[in-house]
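The values are calculated or read from the model by the stated rules, or taken from the named source; none is laboratory data. Because the structure is a prediction, the values reported are computed rather than measured. Cβ coordinates were reconstructed from backbone atoms using ideal geometry, including for glycine residues, and neighbour counts include every protein chain displayed.
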Amino acid sequence: MLEYLEIVRENPDITKLAHKRIYDMIMSKGVSELDVENNPRLKKHFGSNTDIKIYNFFADEFFGMEKTISQIVRYFHSASLKGEESRQVLFLVGPVGSGKSTLVEKIKLGLEQLDPFYAIEGCPMHEEPLHLVPRHLRKEFSKALDVEIEGDLCPVCRYRLKEEYKGKWEEYPVRTYEFSIRARRGIGMVPPVDPNSQDTSVLIGGEDISKLDIYSEGDPRVLDLSGALNAGNRGMVEFIEVFKNETEYLHAMITATQEKHIPAPGRHGMIYIDTCIIAHSNEAEWKRFKSDHTNEAILDRIVTVKVPYNLRLSEEVKIYKKIIKKSRFTADIAPHTLEIASMFAILSRLKPTPKCDLMTKLKLYNGEEVVEKGRTKKIDVRELREEAKDEGMTGISTRFIMKALDNALSDNIEDNCIHPLNVREALVQMVKDGDFPEDERKRYLEFLQDT
């Protein structure tokens, strides 16, 4: 512990909290600005908003999501400054296949690649070693080390400090650990839980029944702090399809963010926790949850970021190229094949407008000049977006298109290639067989057969 204090004095930054750690991780890869002024296409798409930042951490894998990513980074920046957002849940909402899980996965993988962090050796929650500093000495140590000491020891470490080290906190061993998804170290995950058997031990751990024969119920040695919130201490916890869980189940999540404490199993009081909670869900679940006024306390503690489908043709093509590059897809792809599939996907996501047809709207969103009867059409793209605020929250997903590409290839195995015509045929067949409302099916078939 004394060696650790020397390291902190030389580099106070190693004691940073979870939100600051994630924000620094994102910013460390660099930020660039889109040259909107000198690019007519981008200028047409973004209009007067020339301050478009590209965060290199996300740049290679996410396309057409500049606004969403900027909002996520803004949340982490605010939270890293210990503002109100550091005590709120980051909630991503969007249609299926829009990239919510992939964004969270990117942050989790980023944590795994960070330098090891220091923690109390043997602590089930890998907590910050400065928690060992007694309360009455913290003011002096904070001043000497130029850090703020926040939080308390978990019951397990508190017991070990008293019994094993006889209160000599400076002798307690400290070591480095690496973030790990598989080992559940600094990264926790909460899948939707069966409402009939919801047990908070998934979140906060429980008591090891096998040890109750040896130790009394109030003894910290019976604790099994293996819940997702325990595992995600120092890093992050992902709540998958969060609103599929019962409302009561979510209160532990809110306590963890708002109070920075979670209840310990049994009779062990509260445990300090330093984690960033990122939840995600589809829009239908979100609307249902939001409509219930009894959920106001939870809604007030959520920062919502919409993750809509991409609406730019050039970026949609990049998405499919990226997915194909990562897969074992070895077939030849004829020119314009991905463009045709992308056009169908985007047309399905656009909202009709009296100002132009959907094909014109698609071209305008892509930054193209639309010429009609020898004249360039003058339509303000910003106005089109303003009148359709929920655009991109419905339509055909990228997964649907990838299945169509696979189907087109399986129908043409001998030639080992796909081209616009057989992809279009595969899409038509999938729409006919798909579980769509009749009016939606008719609209999609019109796009494929007429547009």
Next item on the list: Collect the residues in the stretch 262-303 that are touching a Lys or Arg at 6+ places or on another chain (Cβ under 7 Å) and at pLDDT below 90, keeping them in residue-number order.
Entry: E285, L299
Item checked: Restricting the stretch 206-233 to residues that are under 20 Å from P191 (Cα atoms) and not small (G, A, S), the residue that is surrounded by the fewest Cβ atoms within 10 Å (Cβ to Cβ) -> D224
Next item on the list: Would you tally the residues in the stretch 52-103 being modelled with pLDDT of 90 or more, surrounded by 17 or more Cβ atoms within 10 Å (Cβ to Cβ) and of a type in the set (D, E, K, R)?
Entry: 1
Next item on the list: Return yes or no: is D13 farther than 21 Å from I346 by Cβ, touching a helix residue (DSSP H, G or I) at 6+ places or on another chain (Cβ under 9 Å) and modelled with pLDDT under 90?
Entry: no
Next item on the list: Considering every residue within the stretch 210-227, establish whether at least one is outside any strand (DSSP E or B), farther than 26 Å from E128 by Cβ and among the acidic types (D, E).
Entry: yes
Note to self: Looking at L212, L229 in this structure, which one is without any contact (Cβ under 8 Å) to a residue 60 or more places away in the chain and under 26 Å from G99 (Cα atoms)?
What the structure shows: L229
Check: In the stretch 255-308, which strands (runs of 3 or more DSSP E) lie fully inside it and hold 2 or more residues that are in the same structural domain as N233 (by TED's automatic domain parsing) and among the small types (G, A, S)?
Finding: 276-281
Item checked: Leading residue by the ranking (surrounded by the most Cβ atoms within 10 Å (Cβ to Cβ)) among those in the stretch 319-362 that are of a type in the set (G, A, S) and either outside the structural domain of L405 (by TED's automatic domain parsing) or in contact (Cβ under 8 Å) with a residue 12 or more places away in the chain (or both) -> A341
